[in-house]
1. Using the Cα gyration tensor of segment A:7-51, with a ≥ b ≥ c the square roots of its eigenvalues, what is the shape: rounded (a/c below 1.5), prolate (a/b larger than b/c) or oblate (neither)?
2. Which residues in segment B:27-68 have a backbone N closer than 12 Å to a point placed 7 Å from the Cα of B:Ala8 along the Cα-to-Cβ line?
3. At a Förster distance of 30 Å, what's the computed FRET efficiency of A:Gln117 paired with B:Ala50, Cβ-Cβ distance as r, to 0.05?
4. How high is the FRET efficiency between A:Leu69 and B:Asp28 when r is their beta carbon distance and R₀ equals 30 Å, given to the nearest 0.05?
5. So how far, in whole Å, is the C-alpha centre of segment A:111-165 from the one of segment A:173-188?
6. Cβ under 12 Å from B:Glu136's Cβ, B:Glu136 left aside: what net charge do those residues give with Lys, Arg +1 and Asp, Glu -1?
7. Which GluC sites (Glu not before Pro) does segment A:1-75 hold that lie in a coil by DSSP with at most 15 other beta carbons within 10 Å?
Amino acid sequence: MTTYDDATLLAYLDGELAGTEAEALEVDLARDTRLAERLQAFAGSGALLHAALAPATHGNLPPLPQPCLTERPVTSWRRFAPYAAIAASVALLIGAGLGFGTGEFLARRNFELASEQRARDAALAEATLRRALETQVSGTPVSWENPDSGASGIVKPTRTFKNQSDQFCREYERVETIGARRETVSGIACRGDDGQWRTRAVFYRD
Amino acid sequence: MNKETWTAMTALQPRLRRFAYGLTGSLDEADDLVQAAYERAISRIAQWQAGTRLDSWMYRIVQTIHINRQQANRVRGAHLTPVDPDTLAARDQARALEASITLAKVRGFIGRLPEEQRAALLLVAVEGLSYRDAAEVLDLPVGTLTSRVARARVALRDFVDGSAVQTATGGGHS
């Protein structure tokens, strides 16, 4: 049987191994448990790395500096050009007097509204996940939708097992569509003695 | 900048924040770094070539600003030593989630990695970039990048194997 060094296992894990080489490795992985364990050790520690940095992708994101976008409603400016020019200079004066422009105010307000919706999306997704883990057999998807934000998602438990502490754990998949973005996440959650499901690992598949 | 580019750029914020969190070890510093990166990206958008990867370009900006700041700190002799997450965890309630204490340990490990291994590891193992794309972001030959990633991952595996981290996966006594 071929022996594999760590670099090869890692290349396989990162999808960097060429087709035939990857296939040969998969054949060996299926019959060599020691080899599979070595790969699992890398995959497992990689999952922890993911989970350790996940807080950065959750919760509210701070507002970003706003660029000057080229797509503006220029037509209305042209039609009212003479007035607009006066209005603009007045607005500039007012803006300067107040110490900040209305653009910043509007951007901040939009951000607050957006993050409120994002928080609702997250709460719905969490509640649906808990319900699915508690009540659904593996393979049955449960969906949620936030009509206000247009975001939606599907949660599906995929496998159930017991960990070394004799707790029930389940692997699950989440697909979320928020705006134009679609994110697929798989994770593992375990049911504590208090009946609460706690996520132990997440894998983002961007 | 047109609207599509900006939309694509804002969609990257969570991933850039995660990368910056891995680099700096603190969410506040990460936000500050990402903010600076967006400012620079907005002012230099003309330098981005449409059709090339926007995410690689942004990761590169984050990395560049981070390195510049590190150097500035070193010059001023104000190089910050990372806070030991174990002492932070100890201050928490006794019943603080086992998992989150463990994850703090993993973050501590990331913080102790040599700078050049850290960025390589984050881009490949967390951000999911190919070896080639990550090498481009860091301006390295692919071979150098690959061996840095490998060294960091072997160290990570040994750290996870050899420490109490295992409790996170549900092991240990109940």
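1. Numbers: a/c = 2.95, a/b = 1.38, b/c = 2.14.
Oblate.
2. Those under the cut-off are B:48-58.
3. Values: r = 30 Å, r/R0 = 1.01.
Using R0 = 30 Å, I get an efficiency of 0.50.
4. On the way: r = 29 Å, r/R0 = 0.95.
For A:Leu69 and B:Asp28, the calculated efficiency is 0.55.
5. For segment A:111-165 versus segment A:173-188, the Cα centre distance is 10 Å.
6. Here the count lands on 0.
7. On the way: sites: A:Glu16, A:Glu21, A:Glu23, A:Glu26, A:Glu37, A:Glu71; in loops: A:Glu16, A:Glu71.
Counting only loop positions with at most 15 other Cβ atoms within 10 Å, the GluC sites (Glu not before Pro) in segment A:1-75 are A:Glu71.
Here, each number is a calculation from the coordinates, and none is a lab measurement. What you are looking at is a predicted structure, and each value in this text was computed from that prediction instead of being measured. Reconstructed Cβ throughout: ideal geometry from the backbone, glycine too, with neighbour counts over all protein chains shown.
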